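Undergrad: Below is one structure. I have some questions about it.
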Amino acid sequence: MFSWLGSDDRRRKDPEVFQTVSEGLKKLYKTKLLPLEEHYRFHEFHSPALEDADFDNKPMVLLVGQYSTGKTTFIRYLLEQDFPGMRIGPEPTTDSFIAVMHGQVEGIIPGNALVVDPKKPFRKLNAFGNAFLNRFVCAQLPNPVLESISVIDTPGILSGEKQRISRGYDFAAVLEWFAERVDRIILLFDAHKLDISDEFSEVIKALKNHEDKMRVVLNKADQIETQQLMRVYGALMWSLGKIVNTPEVIRVYIGSFWSHPLLIPDNRKLFEAEEQDLFRDIQSLPRNAALRKLNDLIKRARLAKVHAYIISSLKKEMPSVFGKDNKKKELVNNLAEIYGRIEREHQISPGDFPNLKRMQDQLQAQDFSKFQPLKSKLLEVVDDMLAHDIAQLMVLVRQEETQRPVQMVKGGAFEGTLHGPFGHGYGEGAGEGIDDAEWGIDDAEWVVARDKPMYDEIFYTLSPVDGKITGANAKKEMVRSKLPNSVLGKIWKLADIDKDGMLDDEEFALANHLIKVKLEGHELPNELPAHLLPPSKRKVAE
């Protein structure tokens, strides 16, 4: 409950209003940020006003890529079923934006009907007109994956000026609108088709300021040999580095995201590991949804503040009667100097300012005489929201996370790799030999026994007394692995089962087995799995 939103009497009278992060965000936006946005015409320059559905909707994943990179196939792979309106082919097939969402009845909702539905977060797309709405549909179907997330499929990006003009709407602007509201942006690349067209380059630049949401998938990687794959990966990173203007490297997932046999199975383990990493990232979206909406509101508030300073500065510089047109041209041309002055006067980071060229283009069509002067009270309210209210909401985010069961995306492709022998890493590393234990621990073959004769030879050179070696003697042998002390210390804790500070021959063999597991690149377990217990220790452990 938010103590800052009213008195105790108010809260007792209306307790349900402020129980969730979503409700708190709506309240803060409508009462504190929206008045500032409306006063300085923020919505005409940057982004339409937010609605309740923007705060209530499920996490969304936006897929972007050139034609035939496997965007639609990727969605089908996640859902493990076809969805209405789906078309797949080597030529440009998807010519529409398709919002794939959960619904009890399978079917398609056309764009014009979609933008009047208050329960869907798409009402503000109405501004892009019929040329876009005729190319926008919602595919609804009952699928367990879609109970937690929604997926936005986009038209394949083409190359050349002709294709961009023939769309009839501002493609990059629509993608930017979605980028502000989605939780994850996945850029797909085909391992055979790495050329980044002009339009794709423009699209990636339109996604600037959303780099934290972006992930890159190098798809169809099973179609090339390992040596070629290394070169393709390097070329992709080089190309992205020229367009995504950040010092950090964007995470690239390599794999083959469809349900057909791998053409070249040499890198199967790599593809499995990459797929699991990507799936974990997508599965975490419902859990982090409230935090993402909070983060986006903070970004929006910072931009709205800067916008207010820019508009009020332009208003202040305008003459009251004569020479308005000439002064307007002068101000637009000198906008960079105005940015610099605002930055110094209000101690604002340069990264909070809107794109200079774009702002200049937008100002050309505006009547500066209708701009509003600086109204300190509106800005103080937003500053107070950022300083105090957001901190209270952060506390509520953590409370919601602890009170709710762990939220994860389930069903579809996510289900196939969670359980059973095809889960990632099953039967490998510390999990090797786990199936033997399924037949009963007592009679199971101990997986360490396969190499125990070799370990025994080393054991008896380390001067055992009463069948055990000291920690000092064990250390001399274990450090030969060149593993850091922190790792060897963990291995010692797992191997010294009876906690006597010494190792018998079985414990020493177990320690060497765990060293081998780590050297092969696998993670160590936090607790020793039952199937790794030495036979003589199994009764003791019970």
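The values are calculated or read from the model by the stated rules, or taken from the named source; none is laboratory data. Note that the structure is predicted; figures quoted are calculated from it, not measured. Counting neighbours? That spans all protein chains shown, and the Cβs are built from the backbone with ideal geometry, glycine included. The area values use the complete protein model at the heavy-atom level, side chains included, leaving out ligands, DNA and RNA. Shrake-Rupley method; radii C 1.70, N 1.55, O 1.52, S 1.80 Å.
Undergrad: Given R₀ = 25 Å, FRET efficiency for Arg87-Gln223 by Cβ-Cβ distance, to 0.05?
TA: Once the sixth-power term is evaluated, E becomes 0.70.
Undergrad: Something else now. Per 0.36 nm of contour for each residue apart, how much would the distance between His39 and Glu343 grow if the chain were fully extended, relative to their Cα-Cα spacing?
TA: Contour length minus Cα-Cα distance gives 107.3 nm.
Undergrad: From the backbone phi of the range 188-195, what are the Karplus-calculated ³J(HN,Hα) couplings (6.51 cos²θ - 1.76 cosθ + 1.60, θ = phi - 60°) in whole Hz, Gly and Pro given as x?
TA: Going residue by residue, I get 9, 10, 8, 4, 9, 9, 8, 4 Hz, with x marking Gly and Pro.
Undergrad: So, one more: In deg cm²/dmol and to the nearest 500, what is the mean residue ellipticity at 222 nm of the chain if only DSSP H runs of at least 4 residues count, each as -39500 (n - 2.57), divided by the residue total?
TA: Estimated from H runs of four or more residues: -13500 deg cm²/dmol.
Undergrad: Let me ask something else about it. Sort the following peptides by mean Cβ neighbour count (other Cβ atoms within 10 Å, averaged over residues), highest first: 118-130, 225-237, 145-157, 74-86.
TA: With the highest mean Cβ count within 10 Å placed first, the list reads 145-157, 74-86, 118-130, 225-237.
Undergrad: How high is the relative contact order of the range 118-269? Use alpha-carbon pairs under 8 Å, at least six apart in sequence, and give a whole percent.
TA: Dividing the mean separation by the residue count of the range 118-269 yields 22 percent.
Undergrad: Still on this structure, I have one more. Express in nm, to one decimal, how much length is gained between Asp500 and Lys205 on full extension, taking 0.36 nm for each residue of separation and deducting their alpha carbon distance. Don't jump to the answer; show the numbers that get you there.
TA: On the way: separation 295, 0.36 × 295 = 106.20 nm, distance 6.15 nm.
Here the answer is 100.1 nm.
Undergrad: Additional query: So what J values fall out for the range 149-157 if you push phi through Karplus, 6.51 cos²θ - 1.76 cosθ + 1.60 with θ = phi - 60°, rounded to Hz, Gly and Pro as x?
TA: So the J values, rounded to whole Hz, are 9, 10, 10, 10, 8, 10, x, x, 7.
Undergrad: Under the definition of Cα pairs under 8 Å and six or more residues apart, what whole-number percent is the relative contact order of the range 298-371?
TA: The normalised contact order for the range 298-371 reaches 47 percent.
Undergrad: May I ask for the angle, rounded to the nearest 10°, between helix 390-403 and the longest principal axis of the chain, with both axes built from Cα atoms and the value confined to 0 to 90°?
TA: Approximately 40 degrees, to the nearest 10.
Undergrad: Continuing with this model, one more query. Mind running the shape call on the range 227-317? Use the C-alpha gyration tensor, a ≥ b ≥ c as the square roots of the eigenvalues: rounded below 1.5 for a/c, prolate if a/b tops b/c, oblate otherwise.
TA: Verdict is oblate for the range 227-317.
Undergrad: Something else: Once you keep just the Cα pairs under 8 angstrom separated by 6 or more residues, what percentage relative contact order results for the chain? Before the final figure, lay out each step's value.
TA: Values: 708 pairs, mean separation 77.3, N = 542.
Answer for the chain is 14 percent.
Undergrad: Pulled fully out, how much extra length does the chain show between Asp198 and Lys475, if you take 0.36 nm times their separation in residues and subtract their Cα-Cα distance?
TA: This chain segment gains 93.7 nm when fully extended.
Undergrad: Can you tell me the accessible area per residue over the chain, all protein chains present, probe 1.4 angstrom, in square angstrom?
TA: 50
Undergrad: Using the Karplus curve 6.51 cos²θ - 1.76 cosθ + 1.60 with θ = phi - 60°, what ³J(HN,Hα) values do you get for each residue of the range 453-466, in whole Hz, with x for Gly and Pro?
TA: Values, residue by residue: x, 5, 5, 5, 4, 5, 4, 6, 8, 9, 6, x, 10, 6 Hz.
Undergrad: Hey, any idea what % of the range 59-150's accessible area is carbon plus sulfur with a 1.4 Å probe?
TA: Details: 1810 of 3720 Å².
Here carbon and sulfur together make up 49 percent of the probe-accessible area.
Undergrad: Specify the angular offset, from 0 to 90 degrees and rounded to the nearest 10, of the alpha carbon long axis of helix 335-346 from the longest principal axis of the alpha carbons in the chain.
TA: Approximately 70 degrees, to the nearest ten.
Undergrad: Rounded to the nearest percent, how much of the accessible area of the range 175-312 (1.4 Å probe, protein heavy atoms only) is carbon and sulfur?
TA: Roughly 52 percent of what the probe reaches on the range 175-312 is carbon or sulfur.
Undergrad: May I ask you to order 296-303, 66-73 by the average number of other C-beta atoms within 10 Å around their residues, highest value first?
TA: Descending mean neighbour count gives 66-73, 296-303.
Undergrad: Moving to a separate point now. When ranked by the protection proxy of mean other Cβ atoms within 10 Å per residue, highest first, what sequence do the peptides 385-393, 174-182 form? Don't skip to the end; give the middle numbers.
TA: Details: 385-393: 16.1, 174-182: 20.7.
Descending mean neighbour count gives 174-182, 385-393.
Undergrad: Can I ask one more? May I ask for the distance between the Cα centers of the range 163-235 and the range 441-491, given as a whole number of Å?
TA: 50
Undergrad: Mind pulling the angle between the C-alpha long axis of helix 268-283 and the longest principal axis of the chain? Nearest 10 degrees, somewhere in 0 to 90.
TA: 50
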